[in-house]
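See below for the structure under consideration.
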Amino acid sequence: MQTALSIALDALAYGMALFIICIGLSLTMGLMRLVNLAHGAFAMIGGYIASYAARDLGLGYAVGIVLAVAGTILIAIPLERLLFRRIYDRSELSQVLMTIGITFCVIGITNYFFGPTLKTIPLPAELAQPVDLGFRSIAGHRLFVIASGLVVAGGLWFLIERTGFGINLRAAVENAPMARALGVRTEWIYAASFALAIGLAAFGGAVGAEFLPIEPYYALRYMVTFLVVVSVGGAGSIPGALAACILLGAIDVTARYLVPDFGNFFFYLAVILIVCLFPRGLLGRAQ
Amino acid sequence: MIDRRSFSRLLSLGALALASGLGLGGAAAADTVKVGIIGPFSGPFALQGKNFQAGVEAWLAQNGKSVDGHDIEIVYRDLPTANPQQSRALAQELIVRDKVQYLGGVYFTPDAMAITPLLKQGNVPLVIFNAATSAIMTSSPLVVRTSFTTAQTTTPLGKAAVDRGVKKFVSVVSDYGPGVDAEAAFKKAITAAGGEVVESIRMPLNTTEFSPIMQRVRDAGAQGVFAFLPSGPPTLGFVKSFNDTGLKQSGVKLFATGDLTQESDLPALGEAASGMITSFHYAVSHDSDVNRKFVAAAEKALGDPAQLSFPAVGAYDGMHVIARMIAATGGKQDAEKAVEAVKGLAWESPRGPVKIDPETRHITETIYLREVAKDAKGHWINKEIQRFPEQKDPGLAK
Amino acid sequence: MTRQAPDSAAAARPMRSLGRDSVGVALVAIAGLAGYWLFPDNLSFLTRMISVALLVLSLDLVVGYCGIASLGQAALYGAGAYAAGIACLAGVTEPFLLILIGAAAGGVTGLLMGTIMLRAHGLPQLVLSIAIVQLLHEAANKAYSVTGGSDGLSGMAPAPLFGIFEFDLWGRTAYLFGLALLVIVFVALKLLVRSPFGMVCRGLKQDPLRVSALGISAFPVLLRMFLISGAVAGTGGALGAIATQVVGLDSVSFELSANALVMLVLGGLGNLYGALIGTVVFMAVEHIVAAFNPFHWLTLVGGLLVAIVLFAPRGLSGSIDEAARILMRGKRRTAP
């Protein structure tokens, strides 16, 4: 029982880290219909900025994360204007080609400027210490990641379902010309949601760095994981992505505990099974 | 309009590149010996490739760019990940088109295996700077290796662990060739020393979340963990997970090969790995004049001292071997004579005294037991605490 | 035959495109032979290019003609490579037989893959393809005794072609053998995509509803395409195994699959030429840029991909097509 609980906690922390990174991708793919394979690259940029600010400049963890989000969005804005904007209404394969190209460039440039070594983001003392939960000790930052994940999920749900921005966004997604005719500034809406997605990626890259370490190849190394999570959850669905992250995190962690040799087998078998049973994703929107 | 213009511009650019890249290989001038180096210069293992280059350039900087009047020209070729087909194509091109007399480098075993069948026909020796599986040496008599094998670096750990009173082990390795080799070598060594492995865990190479593995270790109730993971980002997660799950506090000892604590990862691992005991053939902090000179030259070549790691020393010594080969053959292309000339060659390497074993053509070297600690300047290093001299590769021992 | 078409232009169209295709096939063969004469020292690389071109062609069948996006095509390629490699080590060394074994293994894997992938659409389908290739990758890593695991399968010695021509260091035999295979497969595929079966596949891509209204069930048609696609990819894999005499885990990897898709989209979908052009351009650029600067070539390749999407939206073959049309129009205008 204790063991089960302990594993469940690990699974939850890992799942939440994935969720924070992936939810932005789920939004771009589901709501903006943009297959952005460069999403991981933005998460990585966030991680690099956080590491630079917190470790090299000594500004501390919290400032590092804020700078990571702001800095990554700042980098993403010209990219959105110059590149992404031109492929919103192109075929998925064109989007794949361009975003892979962008990912290659980001990897190459990062490698050039920061070198191929690992970058860490030093944790503040409160988060670095193991916390004793009675039945086991858990690293403080894992609890922080779980909490962050819940806040992100709640905040996004509120933003999209309950605010004017959310209504406009949903309108722009359902029928862009009609929304425009009704005075919704769809270009602005798209740019804002793109920035939101990128900001979340950067946030995820920074707080998830303890799980997925920051290095130049990050953007390609975890691309498959991110894609799988988004599609199992159903692109564009926040509860779906949350469910997928927790479920896949649980399968991954449990399989690695029970049969570490065949951990990958069970993970991908489970993915095949889930996709075959729920071809639209766990809680995906009907297309 | 834009389409056409940019397209034709692209075409002409491509044609230019074709002409310069594919077209003119040209025969080497009579007194220039070409050496082809294949390594992961980009991609996820770019750091190791950069270290190859640093080792080669450090050697050239110290010894000059010629041997007995024969100029050395290095041709680098990028092989980002294990890809035997690409490896073969690159080696073939280096031999046939660039007319290299020597091949060096090679980070991964399958890539080396793809090259060895070409050596005899091409009359070219291959000096391996890294690829660490025993079997490569038996696949061609024209292969010499200046790195290490996993079994070679693992074996001394058995005795060292038992000497420290840790006998009951769980072994945790990445599930691929070298990992399986390490698991077997450690089991053999610890059993011979009077300890035991109570559980062997193999985890997929792409594992990033290690807490379930640590949970298993805890369940097994072992006193020590033996770990093997290839150098790279996951080692950080592994060591942190070992600490975070409380295993370190509960007194479980972590032993590993030096792959886990390569110097370029130490600034990131830092405190987390403090006190961890590893065994390896080279530490950047090795205390000798030869090493200090080597480190200075290699750091200069890298630009960033924090990136220096063990593949550089394999490359540096590989260049030493190639230079002896060039001297022995008088700059003529004669692979058999070249290999024959370095059998039994012994010299003082930055890692300590080494020798090319005449039978296996693999390097015989000292394996060090090291502890992760801070040096006088506060940098994290692998501090050598015990020596096991003249270790051969147990995988090739008959 | 198609005589009932009253419009003479319409009747002439299939004839003209048949003519165009024979010219196209001839061009492919000539370009291949030209490669042999121009770059006699790069044959090993060019052979790898042919092997990958077969993979990209097989992907075009699925993506370009059926509209099924796949990031797992290397599963089929790897199946062929491993089957041929294992057979060769087991003593079957006749190259033609090895190719057949590879094609059969690829075909069977294709059937399996199709059965699973056709259960979903769009993004989930893409993810299924990824999961399948990862699963096979893991299986190949695990089955150490059969596949050599991460060390790869090595030590095969295919018999000389026709008992005379050896697969040696210079790679002439391997290249010409590969080129012949490529041309044969290309002709066969051109005939295939022109056949009624090929038309149905295109129809399913463009308007599945209307095709099913004609009483055609999509599943068996698409499954058959997966079988064929698998056989083509398996041929490529077997060729790679014979030419290099090694098979590594990279041949069943997500990376190879993703690269294949990039090459296909780069060249242009759904006309087979695009697959060849994309492979040649991508691999040549990668090869040259990587040789030019082994450390930072990735940035340049990335930049190329972005430029292609911006300036050649229909892929390279689309741009060439367009350029040709503009040239032709210009000519017709000047000539009376």
Segment A:5-22 scanned against label point 7 Å out from A:LEU159 along Cα→C-beta; backbone N under 19 Å for A:16-22
Expressed as a whole number, the average count of other chain Cβ atoms within 10 Å around the Cβ atoms of C:42-53 is 4
Amide H neighbours of B:GLN391 at under 5 Å, excluding residues fewer than 5 places away on the same chain, with H built from the backbone geometry, are B:GLU365, B:THR366, B:ILE367
Over chain B, the sum of -39500 (n - 2.57) across DSSP H runs of at least four, divided by residue number and rounded to 500 deg cm²/dmol, gives at 222 nm -13000 deg cm²/dmol
Phi-derived 3J(HN,Hα) across segment C:286-292 with the Karplus relation (6.51, -1.76, 1.60, θ = phi - 60°), rounded Hz, x for Gly and Pro, is 4, 5, 6, 5, 5, 6, 5
A student asked for the Cα radius of gyration and Dmax of the protein assembly as shown in angstrom ought to give 28.6, 98
Measuring from the longest principal axis of the C-alpha atoms of chain B, the long axis of helix B:289-302 (C-alpha) lies at a number of degrees, nearest 10, equal to 60 degrees
Between A:VAL259 and C:ALA90, the FRET efficiency computed from the C-beta separation at R0 = 30 Å comes out, to the nearest 0.05, as 0.45
Between B:GLY104 and residues 5 or more places away or on another chain, the pairs with built amide H atoms under 5 Å apart involve B:GLY36, B:ILE37, B:ILE38, B:VAL127
For B:ALA220 and B:VAL290, extending 7 Å from Cα along the Cα-Cβ vector and measuring point to point gives, in nm, a value of 3.8 nm
Using the Kirkwood radius over Cα pairs of segment C:95-189, the Stokes-Einstein translational diffusion coefficient at 37 °C and 0.692 mPa s, in µm²/s and rounded to a whole number, is 202 µm²/s
With +1 on the Cβ of every Lys and Arg and -1 on the Cβ of every Asp and Glu, the dipole magnitude of segment C:18-253 about its Cα centre, in debye rounded to the nearest 20, is 800 debye
Restricting to aspartates and glutamates and to Cα separations under 17 Å from B:LYS374, and discarding same-chain partners fewer than 8 apart, the set is B:GLU263, B:ASP265, B:GLU271, B:ASP287, B:GLU384
Listing B:LYS332, A:LYS119, B:LYS377, B:LYS383 by rising number of other beta-carbon atoms within 10 angstrom, fewest first, gives B:LYS377, B:LYS332, B:LYS383, A:LYS119
Relative contact order as a percentage, segment C:18-253, C-alpha pairs under 8 Å and 6+ apart, gives 42 percent
Counting other chain Cβ atoms within 10 Å of each Cβ in B:226-234 and taking the mean gives 2
Tilt, helix B:84-96 to longest principal axis of chain B (alpha-carbon atoms), in degrees rounded to tens, equals 40 degrees
Here D for chain B, in µm²/s, from Stokes-Einstein with a Kirkwood Rh over Cα pairs at 10 °C and 1.306 mPa s, works out to 72 µm²/s
Scalar couplings 3J(HN,Hα) for segment B:125-136 by Karplus 6.51 cos²θ - 1.76 cosθ + 1.60 (θ = phi - 60°), nearest whole Hz, x for Gly and Pro, are x, 10, 9, 7, 8, 9, 2, 10, 9, 4, 4, 4
In deg cm²/dmol, rounded to the nearest 500, the helical mean residue ellipticity at 222 nm of chain C, built from -39500 (n - 2.57) for every DSSP H run of length 4 or more, is -25500 deg cm²/dmol
Sequence order, segment A:39-52: Karplus ³J(HN,Hα) from phi using 6.51 cos²θ - 1.76 cosθ + 1.60, θ = phi - 60°, Hz rounded, Gly and Pro as x, gives 4, x, 4, 6, 4, 5, 4, x, x, 5, 5, 4, 5, 4
In this structure, the FRET efficiency calculated for C:SER212 and C:GLU166 from their beta-carbon separation, with R0 = 41 Å, to the nearest 0.05, is 0.20
Here, A:ARG33 and C:ALA31, labelled 7 Å along Cα→Cβ, have an inter-label distance in nm of 3.3 nm
Magnitude of the Cβ-charge dipole (Lys and Arg +1, Asp and Glu -1) of the protein assembly as shown about the Cα centre, nearest 20 debye, reported as 2660 debye
For chain C, the Cα gyration tensor yields equivalent-ellipsoid semi-axes (√(5λ), largest first, whole Å) of 32, 25, 21
Length-normalised contact order of chain B, Cα under 8 Å, at least 6 apart, in percent, tallies to 18 percent
Relative contact order as a percentage, segment C:194-336, C-alpha pairs under 8 Å and 6+ apart, gives 15 percent
The rounded separation in angstrom of the Cα centers of segment B:56-90 and segment B:313-353 is 14 Å
Per-residue ellipticity at 222 nm attributable to helices in chain A (runs of n ≥ 4 DSSP H, -39500 (n - 2.57) apiece, nearest 500 deg cm²/dmol) works out to -23500 deg cm²/dmol
If every Lys and Arg gets +1 and every Asp and Glu gets -1 at its Cβ, then about the Cα centre segment A:43-198 yields a dipole, in debye to the nearest 20, of 180 debye
By Cβ neighbour count within 10 Å, fewest first, B:ASP68, B:ASP111 rank B:ASP68, B:ASP111
Sorted on mean Cβ neighbours within 10 Å (highest first), peptides A:81-90, A:202-211, B:168-177, B:301-310 come out as A:202-211, B:168-177, B:301-310, A:81-90
For the table A:LYS119/B:LYS159; B:LYS65/B:LYS392; B:LYS248/B:LYS293; B:LYS99/B:LYS343, the rows whose alpha-carbon distance is greater than 27 Å are A:LYS119/B:LYS159; B:LYS65/B:LYS392; B:LYS248/B:LYS293
Expected integer from the mean partner chain Cβ neighbour count at 10 Å over C:156-166 is 0
Chain C, Gaussian network, Cα under 10 Å: of C:ILE130, C:ILE326, C:ILE184, the residue fluctuating most is C:ILE326
For chain A, one quarter of the surface area of the C-alpha convex hull, expressed in nm², comes to 15.8 nm²
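Computed from the coordinates by the stated procedures, all read-outs in this text should not be read as laboratory data. Computed from a predicted model, the values in this text were never measured in an experiment. All Cβ positions, even for glycine, are placed from backbone atoms using ideal geometry, and neighbour counts span all protein chains on display.
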